[in-house]
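Notes for the one structure printed next.
What follows is calculated from the coordinates using simple rules that are stated; it is not laboratory data. Remember, predicted model here, so these are calculated numbers, not experimental data. Here Cβ is always computed from backbone atoms with ideal geometry, including for glycine, and neighbour counts include all displayed protein chains.
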């Protein structure tokens, strides 16, 4: 996920701390939304509303939480997609929370690898034309392919 500002390349430790903070926010927002949806489906009076309007109610919850945290719209859309995909499988709460945790760790792993690649490319002796976004997008695509194949083993 793209943050509001790029990660600092001079001191990668700051970028790593921010990556972990963003992944923690994503995990807790998605986990709270899934928990509230399961809690609403547990009662007889709210079960029909929770089942019929699951995407609307989860969208309202995620939108409110993302605005409270002052996150960009990409965060809202990513968490809503994660919650929808996990809640559509109709698993129990513990399995849903473990899937949210796995997605959060995957995002941390991808962003950490991408930050390391950016740092390595910027401070290496490559020609200037090879240090731009095309090579970073190609490397990000390779990282995504690897994570997708690892994700198929988990899911």
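Data overview
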| quantity | calculated |
| --- | --- |
| Principal-axis tilt of helix 54-68 within the chain, Cα atoms, nearest 10 degrees | 50 degrees |
| Theoretical gain in end-to-end length, residue 52 to residue 137 [0.36 nm per residue, Cα-Cα removed] | 26.6 nm |
| Cα convex hull volume per residue for segment 77-155 (Å³) | 93 Å³ |
| On Cα atoms only, tilt of 93-122 relative to the major axis of the chain in degrees | 10 degrees |
| Selected from 39, 109, 75 as most flexible by GNM, with the chain as the system and alpha-carbon contacts under 10 Å | 39 |
| Nearest 10 degrees, 0 to 90: helix 73-87 Cα axis against the chain principal axis | 50 degrees |
| Cβ-Cβ FRET estimate between residue 69 and residue 16, R0 fixed at 22 Å, reported to 0.05 | 0.65 |
| Cα-only radius of gyration and Dmax that characterise segment 12-155, units Å | 18.2, 65 |
| Using a Förster distance of 22 Å, the FRET efficiency for residue 95-residue 39 (Cβ separation, nearest 0.05) | 0.85 |
| Over segment 6-155, relative contact order from alpha-carbon pairs under 8 Å, at least 6 apart, % | 28 percent |
| Additional length obtainable on full extension of the chain from residue 88 to residue 145, 0.36 nm per residue less Cα span | 18.1 nm |
